[in-house]
Structures are given as structure tokens and as C-alpha cells.
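Heads up: the structure comes next, in C-alpha cells.
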Amino acid sequence: MTFNRRLALGLGLAASLLGTSAMAQDPMRIALVAKSLGNGFFEAAARGAEEAAAELGNTEIIYTGPTSTTAEGQIEVINSLIAQRVDAIAISANDPDAVVPALQKAMQRGITVISWDSGVAPEGREMHLAPSSDALIGQTIIKLAADHLPEGGKVAVLSATSTSTNQNVWIAEMTKVMDQYPDIEVVATVYGDDLADKSYRETQGLIQTYPDLDAIIAPTSVGIVAAAQAVQDAGKVGQVNVTGLGLPSEMAGAIESGASKSFAIWNPVDLGYTAAMIAHALASDAASAEPGAEIATGRMGSVTLDDETSAAMSEPFTYDASNIDEFKSVF
Ligand code: RAM
């Protein structure tokens with residue numbers, strides 16, 4: 001709880017003890033910090049956070065982030081949020097460690113700090129909300145590729161930034177199960193930095209370097225769309241299958257063109273909603289971020305924190321030509 005909020009509560013209590021009406025309390029301000037602005041995944045999450053704020057009442061969401069996916073940009077954003085004395089910061093980090101000092105400063109000032117989507121090292125946050133089990137996501141992305149390669153083949157990974165916590169963990173989990181796919185070779189991992197143009201160029205590079213490439217796994221909603229476009233533009237539809245994690249709204253064209261046979265994702269609206277619910281519960285002292293704690297999360301039920309004060313939500317869902325039309329208008 002921030003000093004301002006404690007003071008307001010104290011004054012409100014004093015006013016009611018004196019028999020006057022309680023002072024109207026300032027809204028709780030929760031900052032939802034994206035890896036970068038202009039990414040549809042984070043915009044969908046922000047819609048969910050707004051929904052949570054409307055349910056909670058007297059709560060304001062400040063949706064913000066840097067213009068590109070850098071830790072330096074996020075540190076500037078964090079410092080400005082500290083100066084604005086927000087009540088809570090919920091961040092999807094571009095680097096698990098580089099943002100820690102700025103977030104520790106925020107916590108020292110009484111600001112609640114959580115990470116969601118892409119985690120912060122435990123010393124820089126109170127809890128982390130993962131969209132799903134990391135292992136399950138890692139297993140899902142390779143299975144999506146393998147399901148369309150019955151005889152095996154060559155696959156490459158197009159990731160986000162090289163320091164991104166979530167993509168790095170998912171790729172590590174994928175690597176752990178590669179012995180289940182002896183006929184599949186991962187020939188390269190490249191980084192598109194969650195920028196459409198860089199992801200497109202990196203994909204062109206993969207296609208040129210590996211003319212017999214069979215699939216590209218892009219565990220990023222920005223990278224997967226750019227990769228599908230590059231494959232289509234190179235006339236490689238039917239040869240190189242683009243898969244990974246994407247939004248149905250952004251991937252409908254790639255499914256239609258055949259550049260992607262299938263991909264997966266969880267519900268980003270629910271993720272943003274849950275992050276906001278947790279930030280509110282911690283900032284209002286309705287819950288505390290301790291191992292084993294169960295935190296109520298509105299229409300999503302509750303989450304339980306593990307020994308590292310992390311919680312995971314639901315399973316990723318697979319989209320293909322059979323269901324894309326149903327979901328492309330949702331997120
Ligand atoms: C991008 C971001 C985000 C990730 C999704 C799948 O939007 O990298 O962190 O969760 O892809």
C-alpha cells in the first residue's frame with residue numbers, strides 16, 4: 001500500500017470517527033506495463049484489465065510501455081510510474097534482471113509490483129502470473145510443428161528478443177523434450193525482437209540459409225504473423241509451415257493462405273484481467289504474495305502461488321482452419 005493510500009484511509013477513518021461522512025477515496029491506479037506498445041497481444045490484455053477495473057470500481061488502469069521492446073525503455077516507464085505514485089505496477093518484462101533495480105525502488109516506495117506474461121526475477125517482484133505452465137507451452141510449440149512433419153524435418157525458431165524471459169523459458173522447455181522427436185532437427189534460433197520488419201527479415205534469412213527448411217516455430221504473436229507473410233511472399237506456402245503462438249485475429253489470413261496450418265495461444269484478455277485482479281488484491285492488502293497463498297481473481301476464480309510465488313493459468317488452445325473464424329473477432 002502506498003503512503004498516499006494509507007494516509008487517505010487514515011483520514012477517512014478519522015472523519016468517520018468524528019461522525020462526518022468518510023472522504024471519497026482516490027481511485028486505485030494500476031499500471032499495466034507492456035513489453036512494447038502497438039502489440040495486439042498487450043492491447044487485448046489491457047482490455048481485460050479494464051474489464052477487471054470496471055468490476056472492482058474506483059480503479060484506474062494506466063496501460064503503458066516503451067515504443068520498442070527494450071529493458072531501457074521499460075526502466076524509463078517504471079521511473080515515471082514511481083514519480084506518478086501509482087499503487088501497483090504489473091509488468092511483462094523485456095529482461096528478467098535489468099528491470100529489477102527500478103522495480104525494487106518502486107516496492108521500497110510502497111508500490112505493489114507483479115510480473116505477468118514475461119517474468120521478472122523473484123527479487124524484483126512480489127509474484128509472477130504465467131499464462132500457462134512453461135513446460136506445457138514448450139511442449140506445445142514443438143508438437144504443433146511435429147504434427148505436420150510425420151517423417152521429420154528441419155525446423156527453425158523465430159523468437160522475440162534474446163533477453164525475453166517467457167520466450168527463453170519456453171524454448172528451453174521445448175529443447176528438453178526434443179529427444180521425443182529424433183527425426184526433427186532444430187537448425188537455428190533467430191530473434192525478431194517483436195518487431196514486424198525485423199521478424200520478416202530474419203525469416204527471409206532463414207529461408208535463404210536453409211532452402212530445405214520445413215517449419216518455423218515463432219513463439220511470439222508478432223513474429224508468427226511476420227514469418228507467415230515472409231513465407232507467403234517467398235512462394236514457400238506448402239513447403240515451410242509457420243507455427244507457434246499467435247492471435248486468431250492476426251493469424252486468420254495466414255491460416256487462409258496456408259502459410260500456417262495451426263498455432264496456439266491462451267486468452268490474453270483473461271490474462272490481463274487476472275493480472276489486474278491480483279495487483280488490486282495485493283495493493284489493497286486483501287491478499288499477500290506468499291508461497292501457498294490463494295488469491296481471488298473475479299470471474300477467473302483464483303490462483304495459488306507456488307514456492308517461487310508464481311502462478312500459472314490455463315492451457316494453450318490450438319487454432320486451425322476448423323475454428324479460426326469463430327475466434328478471429330474475439331482476440
Ligand atoms: C508476443 C509477446 C508476448 C508473448 C506473445 C505470445 O506478443 O512476446 O510476451 O506472450 O507474443
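Key figures
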quantity: Of all accessible heavy-atom area on the chain, the percent that carbon and sulfur account for (1.4 Å); calculated: 51 percent
quantity: Residue of Val157, Val177, Val169 that the Gaussian network model of the chain assigns the largest fluctuation, springs spanning Cα pairs under 10 Å; calculated: Val177
quantity: Residue range of the chain that is longest and free of GluC sites (Glu not before Pro) which are both DSSP loop and sparsely packed (at most 13 other C-beta within 10 Å); calculated: 152-307
quantity: Stretch in the chain that is longest and holds no trypsin sites (Lys or Arg not before Pro) that DSSP places in a loop and that have at most 16 other beta carbons within 10 Å; calculated: 110-331
quantity: Enclosed volume per residue, in Å³, of the convex hull spanned by Cα atoms of segment 134-265; calculated: 87 Å³
quantity: 222 nm mean residue ellipticity, helices alone, for the chain (DSSP H n ≥ 4; -39,500 (n - 2.57); rounded to 500); calculated: -13000 deg cm²/dmol
quantity: Angle between the chain longest axis and helix 71-83 axis [Cα atoms, degrees, rounded to 10]; calculated: 20 degrees
quantity: Lys, Arg +1 and Asp, Glu -1 on Cβ, resulting dipole of the chain about Cα centre, debye, nearest 20; calculated: 840 debye
quantity: Å² per residue, accessible surface of segment 241-331 at 1.4 Å; calculated: 40 Å²
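The values are calculated or read from the model by the stated rules, or taken from the named source; none is laboratory data. Just so it is clear, the structure is predicted and the values come from calculations on it, not from any experiment. Because the Cβ atoms are built from the backbone with ideal geometry, glycine has one as well, and the counts that use them run over all protein chains shown. Surface accessibility is based on the protein's heavy atoms, side chains included, excluding ligands, DNA and RNA. Shrake-Rupley method; radii C 1.70, N 1.55, O 1.52, S 1.80 Å.
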